[in-house]
Amino acid sequence: MTASGDPVPLSPQQEWIWESMRFMNPDDAAMTRTNVCLAFTLRGPLDTGRLERALADVRRRHEALRTSLSDLGTAPHTHVQDAEDSHPPLLALVDLSGVPPEDQDTYCELMAGAEEHRLFDYVRGPLWRATLVRRSPTEHVLVLSAAHLLLDAPSVQLVVRHLAEAYEGIAPPARQEQYRDFVRRAARPPSDADRRLDHWRRVLSPLPAPLDVRTDYPAAPPPVFLRETTPFRAEADPEALAGLRGRTGVTPYLIHVAAYVAALADLCGARRVVVGSTLTRLELKPDPHAVGHFADLVLLPIEVRPEHTFGELLERVRDTALDAYDNQLPYLRIADAIDPDFTARRPWPARALYHVWVRGSVLNADLGPPERIGDAEVRPFEFTRETCYPIELDGDRYAHVYGQNVVPTLYAGPTGLEGEMTYNRAVFTPSGAQRYVDRHCQNLEHMLKDPQTRIGEVWHDSGR
């Protein structure tokens, strides 16, 4: 492999991912499956040879797609392969046209799950893979998976958008911002870094104590994390949601955060819940079309009081999020500064600095996946969730990386009404996890129907 330029250290965002991989698998970090995988249905005529040539053009455009690691030690650097070097085939083709449609669905879901947990060779590369499943002459499923160290989910969507442009013969810009440009900027601390650290010392003091979570099976901690996912949708008027957003200035994501924090405060008896999520510091990424891993972990410590209304809670969540964004620093630097055990216990801290993970939709109409690739219509692949590839991880280590492994995590859908709850079936029965789903949806409905409802009244109604 011919290297293009000097080796580049990991960005703070990549270092966070690498630290978690080392902690999850101390003997061989590269054996940790931390990938991002997206699948799309393509309906219409498609030229597979043209699609593969377009993939090669996108690979040439972005250094991130030609990146691998120098080694698998504690502080690896990245190497970029020369754009014109030879490479393995970029598009794997699978023909299911002779398989019954109902079996095609199952196969596509299992294959996407397997791609999400594929082991990549971090030294030799490539650290991404595209698979095209042919269901019929006019219907295909495109699966794109990448090591999370390499790309975040919005970047995977951008790769698909740039693939559509290359398929149409649209030339990329003469000067494409590369990930190494972001790494150089991210390595320089902001001029007010000390002030930002003081903010985090203040809002995270005392350090988050574990939540008192009621589980269906003993959890002290469970030996494994077995992922199960339950979709939900609140019974509420979309117009009420639009009105609430207009009055409070909160996003659908923050509405979900407020509702779930109130649910955890009720179910766990907590008055302070720290939410973990991700954001991209836009001042470090001036080119919205650059791809790589830009997302950093952000902490949202939120106070919940029964005498407050849902409207007041929404304002608190909004203000907390704005403060977090204004004072954002790399997560590892925040943790080093406020937790004296953090550095000593690397490759990961003695405990996570947040209680629960809440992620939002990464769909972006301007920078997300395209509407078409050539004459083929592009739509997200619909999963039934009945055949998803299972995850089995060391539960104790999973808890340190992703928060408490007994607290169900939340995916907040883009409209503010729907989403998914992910829980550990080693400690929850489906009905036990449903308590969290029901309480979250109940809070969403109360919040939209009457934001002046006092939170404690809902707790009383729910039997607390």
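A few points about this structure:
- Rounded to 10°, Cα long-axis angle of helix 12-24 versus longest principal axis of the chain: 80
- In a fully extended conformation the segment linking SER86 and LEU322 would gain 80.3 nm over its present Cα-Cα distance, using 0.36 nm per residue.
- Put the Cα centre of segment 79-97 next to the Cα centre of segment 270-294 and the gap is 30 Å.
- For the pair ASP237 and ARG271, the difference between a 0.36 nm per residue extended length and the Cα-Cα distance amounts to 9.3 nm.
- Rounded to the nearest whole angstrom, the semi-axes of the ellipsoid equivalent to segment 8-183, taken from the Cα gyration tensor as √(5λ), stand at 29, 21, 12, largest first.
- Sites GLU382 and ARG245, calculated FRET efficiency, Cβ-Cβ separation with R0 30 Å, nearest 0.05: 0.65
- Listed by Cβ neighbour count within 10 Å, with the fewest neighbours leading, ASP27, ASP212 appear as ASP27, ASP212.
- Relative contact order (percent, whole number), the chain, Cα cutoff 8 Å, 6+ residue spacing: 23
- For ARG175 and ALA75, the FRET efficiency from 1/(1 + (r/R0)^6), where r spans their Cβ atoms and R0 equals 22 Å, is about 0.15.
- Dimensionless Rg/Rh of the chain - Kirkwood Rh, Rg from C-alpha atoms: 0.96
- Simple spin-label estimate for ASP27 and ARG184 in nanometres, 7 Å along Cα-Cβ: 4.2
- Between the helical axis of 101-116 and the longest alpha-carbon principal axis of the chain there is an angle of about 80 degrees.
- For LEU211, distant residues with modelled amide H under 5 Å away: none
- Translational D in µm²/s for segment 227-349 (Stokes-Einstein at 25 °C, 0.890 mPa s, Kirkwood Rh from C-alpha pairs): 146
- For ARG118, distant residues with modelled amide H under 5 Å away: none
- Gain on full extension, evaluated as 0.36 nm per residue between GLU283 and LEU226 minus their Cα-Cα distance, stands at 16.7 nm.
- Karplus (6.51, -1.76, 1.60) ³J(HN,Hα), θ = phi - 60°, over segment 141-153, in Hz, Gly and Pro reported as x: 10, 9, 10, 10, 10, 8, 4, 4, 4, 8, 9, 8, 4
- Kirkwood estimate for segment 146-247, i.e. one over the average of 1/r between Cα atoms, Å: 20.8
- For the chain, the antiparallel share of DSSP beta bridges with both residues in that region comes to about 85%.
- For segment 113-152, the fraction of C-alpha pairs more than 12 angstrom apart is 62%.
- In terms of the mean number of neighbouring beta-carbon atoms within 10 Å, the peptides 165-171, 257-263, 12-18 order highest first as 257-263, 12-18, 165-171.
Bear in mind that the values in this text are calculations on the coordinates, not laboratory data. Quantities reported herein were computed from a predicted structural model and do not represent experimental measurements. Methodologically, a virtual Cβ is constructed for each residue, glycine included, from the backbone with ideal geometry; neighbour enumeration extends over all protein chains shown.
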